[in-house]
Amino acid sequence: MNRLAQESSTYLKQHADNPVDWYPWGEEALNRARTENRPILLSVGYSACHWCHVMAHESFEDEETAALMNEYFVNIKVDREERTDIDDIYMNAVQLMTGHGGWPMTVFLTPDARPFFGGTYFPKEDRHGLPGFKKVLANVYAAWQRNNEEVLDSAREMASHLKLLERLKDEGAASKELALDYEIIDIAMEALLRQFDSTFGGFGGAPKFPHTLSLELAERIMAHGESGSRSPFTGQRVTQCKELIETTLNRMAYGGIHDQIGGGFARYSVDRQWLVPHFEKMLYDNALLANVYVNGYLLTGRTYWLIVAEGILRFVSRELTTEEGAFYSALDADSEGVEGKYYVYTPEQVIAVLGEEDGIFFNRVMGVTNTGNFEHGNSIFHLGQSPEDTAKKFKLSIDAYWARIDELSAKLLAEREKRVHPGRDEKVLTSWNSLMISAFIDGYKATTRVEYLNAARRAADFILDKLYVNGRLLRVWGKNSKGEGQSKLPGYLDDYAYFVSALIALAEVDGDSKWLETAKALASTMIEYFSDAREGGFFFTASDHEELIVRPRSHLDGSVPSGTSVALGGLLKLSALTGDDSLRQKAIEVFNLYGEHLSRMPNQFAGILNALDFYLAEGQEIAFVLPANLSKEEEEGAKEMLFCLHRSYQPNRVILVAREGDERLAKISPLVTERKAVDGKATVYICKNFTCAKPITDLNDLKTAISTAVRA
């Protein structure tokens, strides 16, 4: 066993018995490289990565290859999801060198950690135009020995390029205020619509990713359309966004990317039509997709989308939830060394579980055929048409259809549980857990299921208990080789921003003052440690983070929203909830920094565009004040009032739940200062700029007020 055996990362522990003399990233490895003047081989991947497993099996488990690595290099293995800062820096380098990126990522560094050569997957032997890894090792080391000055010059030049990539404006350029208006959003949406695949949904061709933040932008424009003639967008734009959402949400849900019997989604589809997934299942994808499907349901009333969203939440509860209530990170694409083996079926396998009649029915519904749609004659479950059309085809009501499908799916799922499961990445990340907390709150708002609220509370309490130390957030929790839980690594911008957002979501449904208190404290810490005093905006790492060759930012959306975009949304909501205008001014500063890029790169700045929509809308502030003591019957009536507020998709307002007389909350938010529960009843105050309309205690009056507000 090498040094990685002592790590808590599932990915690093997967390499603990390699014959490679691996180090985790840290001073021990870097000091050895400097002391011996030896180049570094940096290998970056993650637990659910299929090609990472392939390269590990071919090269890192091979004695001959490992001997070369150990002789020539100091070998460092990094989990990209733990050390996203390192991954971002060196992925930029690989993309500059090769024009593309991906994982596993292999980068060769000078002893002072500057990159001079890199790539992604290298096969063991020459194949498909790629050089064999042993040849790469020999050639890189030969260049280091024979052309050392040239290599060092190249590394210095690359480091300079990487620093330039993080610059947002020219040296000495003054900050400029831009016209922040809906035209920016409209132009960006027009550009996104040009990439829309009107046949299968989504954007572009294969491989196809969900791009949830762009979908959220379309949903926001649809929500504006609900306000009729006062919408800042034309009827045509709203109609286009509706088509985009309907086509995409339906087609993704019908496809093999969606686990039809177990719930949840794979990371992406290898084809245009969402049929064949890359089978890894990531926590962040499922959190973001649950949000998009719930929003779609609230916008349109399409019950199927709520069914899909709840399937995601059940999947996470069943397969990615720790005993303490936090959430694991991912499931591998592979089981028994074969990609997708856990998920695919032949017709005979289905019939063996369900019997002849039900098996034939299920195979027809889910597209399981003798020829198959995947490798070796296997089939991936998918829907060829909508559930409504399928029900008609079999002469069933939609309720009878779902009853039968649910019953048969449960039988297949129980049988599937007996198969060898894909590996599970059992680290707990603050940022990804925060996304899932928000997703469970979305589910609670849409369904009133208290188990969703409890799941969100438990995960938030886990972060506060295990990952919030001395006023600062840590990045990751996991179990070491002794089975002991340990928290480590300073939090990044996305850890702070995502958790602030999750805490605000909790404050919108739960009257515990600690949610808003902690959100405000963390926002202040985030501004203090992550702000860029020279150019503006935010860095990805804190000012007291270890020194790397570049201090990276987090401004572009990728598979997860940028830390900057989520920070903007959190600051604006906190400003609306607390009356602290300095938070709003900080957000305006960041908008001005990025404004000219937003319309030109909408797929990479969709998160900031969503925050800009919140800023421009200047929505309502709503206080929901509960009496200090409620009977069980009164509690149910209060919930009915609360869920009336949450029953429509209105992303540009804030809601704060408070108990009457909660002085801690009143100190933070003028929205609930001196607000009373009128006549001992749950009371709603609908406000604008902290000026409130007449308090509402009657459910019918609340419905009328909400309807009037939407039209206005």
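The values are calculated or read from the model by the stated rules, or taken from the named source; none is laboratory data. Bear in mind that the values here come from a model prediction, so they are computed numbers and not experimental data. All Cβ positions, glycine included, derive from the backbone under ideal geometry; neighbour counts span all protein chains shown.
When you scan the range 675-706, how many residues do you find that are farther than 17 Å from Lys639 by Cα, surrounded by fewer than 18 Cβ atoms within 10 Å (Cβ to Cβ), in contact (Cβ under 8 Å) with a residue 24 or more places away in the chain and more than 34 Å from the chain's Cα centre (by Cα)?
2
Take the range 648-675 and flag every residue that is charged (D, E, K, R) and in contact with a helix residue (DSSP H, G or I) (Cβ under 7 Å, 6 or more places away or on another chain).
First, pick out the residues of the range 648-675 that are charged (D, E, K, R): 653, 659-660, 662-664, 667, 674-675.
Passing the criteria: only Arg664.
For the range 17-112, list the helices (runs of 4 or more DSSP H) that sit wholly inside it and hold at least 2 residues that are over 25 Å from Gly129 (Cβ atoms); which are they? Walk me through it before giving the result.
Numbers: elements: 27-36, 50-55, 63-72, 84-98.
By residue number, 27-36, 63-72, 84-98.
Is there a residue being more than 20 Å from His50 (Cβ to Cβ), crowded, with 22+ Cβ neighbours inside 10 Å, at pLDDT 95 or above and among the hydroxyl-bearing types (Ser, Thr, Tyr) anywhere in the range 89-104?
For the range 89-104, residues more than 20 Å from His50 (Cβ to Cβ), crowded, with 22+ Cβ neighbours inside 10 Å, at pLDDT 95 or above and among the hydroxyl-bearing types (Ser, Thr, Tyr): present.
Would you mind stating whether Pro602 is touching a helix residue (DSSP H, G or I) at 6+ places or on another chain (Cβ under 6 Å), outside the structural domain of Ala705 (by TED's automatic domain parsing) and of a type outside the set (Ser, Thr, Tyr)? Even if it seems obvious, please write down each step before you answer.
Details: touching a helix residue (DSSP H, G or I) at 6+ places or on another chain (Cβ under 6 Å): yes; outside the structural domain of Ala705 (by TED's automatic domain parsing): yes; of a type outside the set (Ser, Thr, Tyr): yes.
Considered against the rule, which asks whether it is touching a helix residue (DSSP H, G or I) at 6+ places or on another chain (Cβ under 6 Å), outside the structural domain of Ala705 (by TED's automatic domain parsing) and of a type outside the set (Ser, Thr, Tyr), Pro602 comes out as yes.
Residue by residue through the range 340-358, note down the ones that are among the aliphatic types (A, V, I, L, M), in contact (Cβ under 8 Å) with a residue 60 or more places away in the chain and surrounded by 22 or more Cβ atoms within 10 Å (Cβ to Cβ).
Kept after step one, since they are among the aliphatic types (A, V, I, L, M), are these residues of the range 340-358: 344, 350-354.
This time we only want the ones that are in contact (Cβ under 8 Å) with a residue 60 or more places away in the chain, so: 350, 353.
Val350, the sole residue that qualifies.
Quick one: how many residues across the range 268-308 are of a type in the set (A, V, I, L, M, F, W, C) and either more than 17 Å from the chain's Cα centre (by Cα) or not in a helix (DSSP H, G or I) (or both)? Show your work before the answer.
Going residue by residue through the range 268-308, those that are of a type in the set (A, V, I, L, M, F, W, C) are 270, 274-276, 279, 282-283, 287-290, 292, 294, 298-299, 305-308.
Checking which are either more than 17 Å from the chain's Cα centre (by Cα) or not in a helix (DSSP H, G or I) (or both) leaves us with 270, 274-276, 279, 282, 298-299, 305-308.
Within the range 268-308, residues that are of a type in the set (A, V, I, L, M, F, W, C) and either more than 17 Å from the chain's Cα centre (by Cα) or not in a helix (DSSP H, G or I) (or both) number 12.
Please state which one of Ala142, Ala173, Ala179 is at pLDDT 95 or above and of a type in the set (A, V, I, L, M, F, W, C). Quick ask: steps written out before the conclusion?
Numbers: Ala173 fails: at pLDDT 95 or above; Ala179 fails: at pLDDT 95 or above.
Exactly one of Ala142, Ala173, Ala179 is at pLDDT 95 or above and of a type in the set (A, V, I, L, M, F, W, C), namely Ala142.
Give me the helices (runs of 4 or more DSSP H) completely within the range 362-469, filtered to those with at least 3 residues that are in the same structural domain as Ala519 (by TED's automatic domain parsing), of a type in the set (Asp, Glu) and at pLDDT 95 or above, ordered by residue number. Spell out the reasoning first.
Values: elements: 387-393, 398-416, 430-447, 450-466.
The helices (runs of 4 or more DSSP H) meeting that bar are 450-466.
Quick one: in the range 306-339, which of the residues that are of a type in the set (Gly, Ala, Ser) and at pLDDT below 95 is surrounded by the fewest Cβ atoms within 10 Å (Cβ to Cβ)?
Here is the first cut: in the range 306-339, the residues of a type in the set (Gly, Ala, Ser) are 309, 311, 317, 325-326, 329-330, 333, 335, 337.
Keeping just the survivors that are at pLDDT below 95 gives 333, 335, 337.
Numbers: Ala333: 25, Ser335: 18, Gly337: 10.
Looking at the filtered set, the residue picked out is Gly337.
Rundown of residues vs (1) among the β-branched types (Val, Ile, Thr); (2) surrounded by fewer than 17 Cβ atoms within 10 Å (Cβ to Cβ); (3) touching a strand residue (DSSP E or B) at 6+ places or on another chain (Cβ under 7 Å), yes/no style:
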| residue | (1), (2), (3) |
| --- | --- |
| Thr564 | yes, no, yes |
| Ala567 | no, no, yes |
| Thr578 | yes, no, no |
| Glu596 | no, yes, no |
| Met601 | no, yes, no |
| Glu634 | no, yes, no |
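Being more than 23 Å from Leu306 (Cα to Cα) and touching a residue at least 24 places away in the same chain (Cβ under 8 Å) is true for just one of Arg364, Arg416, Arg404. Which residue is that?
Every option except Arg416 fails the conditions.
Using beta carbons and a limit of 7 Å, which pairs, at least six apart or on different chains, have the first residue in the range 203-215 and touching a residue at least 24 places away in the same chain (Cβ under 8 Å) and the second one among the aromatic types (Phe, Trp, Tyr) and not in a loop (DSSP other than H, G, I, E, B)?
Filtered contacts from the range 203-215: Phe203/Phe196; Pro207/Tyr268; Lys208/Tyr268; Phe209/Tyr268; His211/Phe203; Ser214/Phe203.
Name the single residue, out of those in the range 32-72 being surrounded by 21 or more Cβ atoms within 10 Å (Cβ to Cβ) and among the aromatic types (Phe, Trp, Tyr), that is nearest to Asp425 (Cα to Cα).
The extreme case among them is Tyr46.
Go through (1) under 29 Å from the mean Cα position of the chain (by Cα); (2) crowded, with 20+ Cβ neighbours inside 10 Å; (3) assigned to a loop (DSSP other than H, G, I, E, B) for Val672 and report which single condition fails.
(1)
Conditions tested, residue by residue: (1) under 21 Å from the mean Cα position of the chain (by Cα); (2) in contact (Cβ under 8 Å) with a residue 24 or more places away in the chain; (3) surrounded by fewer than 18 Cβ atoms within 10 Å (Cβ to Cβ).
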residue	(1), (2), (3)
Ser481	no, yes, yes
Val509	no, yes, no
Ala523	yes, yes, no
Phe540	yes, yes, no
Arg553	yes, yes, no
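Would you point out which residue out of Leu577, Leu572, Leu568 is of a type outside the set (Ser, Thr, Tyr), part of a helix (DSSP H, G or I) and touching a residue at least 60 places away in the same chain (Cβ under 8 Å)? Break it down stepwise before answering.
Details: Leu572 fails: touching a residue at least 60 places away in the same chain (Cβ under 8 Å); Leu568 fails: touching a residue at least 60 places away in the same chain (Cβ under 8 Å).
Testing whether each residue is of a type outside the set (Ser, Thr, Tyr), part of a helix (DSSP H, G or I) and touching a residue at least 60 places away in the same chain (Cβ under 8 Å) leaves just Leu577.
Step by step: first the residues of the range 254-267, then only those that are of a type in the set (A, V, I, L, M, F, W, C) and under 17 Å from Phe203 (Cβ atoms), then the one that is nearest to the chain's Cα centre (by Cα). Which residue is that? Give the steps one after another, and end with the answer.
Filtering the range 254-267 down to residues of a type in the set (A, V, I, L, M, F, W, C) leaves 257, 261, 265-266.
Next, only the ones that are under 17 Å from Phe203 (Cβ atoms) stay: 257, 265.
Numbers: Ile257: 17, Phe265: 12 Å.
Taking the candidates together, the pick is Phe265.
Got a sec? Which of Asn652, Asn610 is within 31 Å of the chain's Cα centre (by Cα), assigned to a loop (DSSP other than H, G, I, E, B) and either touching a residue at least 40 places away in the same chain (Cβ under 8 Å) or under 30 Å from Leu168 (Cα atoms) (or both)?
Values: Asn610 fails: assigned to a loop (DSSP other than H, G, I, E, B).
From the options Asn652, Asn610, the qualifying one is Asn652.
List pairs: first residue in the range 426-437 and closer than 17 Å to Gly607 by Cβ, second residue assigned to a loop (DSSP other than H, G, I, E, B) anywhere in the structure, Cβ distance under 9 angstrom, at least six positions apart or on different chains.
Taking only residues 6 or more apart or on different chains, the pairs are Ser431/Gly491; Ser431/Tyr492; Ser431/Val560; Trp432/Glu81; Trp432/Ser329; Trp432/Val560; Leu435/Val560; Leu435/Pro561.
Listed here are the residues, each with its yes/no results for (1) assigned to a helix (DSSP H, G or I); (2) out of contact with any Gly (no Cβ under 7 Å at 6 or more places or on another chain); (3) not hydrophobic (A, V, I, L, M, F, W, C).
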| residue | (1), (2), (3) |
| --- | --- |
| Val509 | no, yes, no |
| Thr518 | yes, yes, yes |
| Ala542 | no, yes, no |
| Glu546 | no, yes, yes |
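From the list Pro115, Pro111, exactly one residue is out of contact with any Lys or Arg (no Cβ under 9 Å at 6 or more places or on another chain) and closer than 24 Å to Thr541 by Cα. Which is it?
On the way: Pro111 fails: out of contact with any Lys or Arg (no Cβ under 9 Å at 6 or more places or on another chain).
Matching residue, one of Pro115, Pro111: Pro115.
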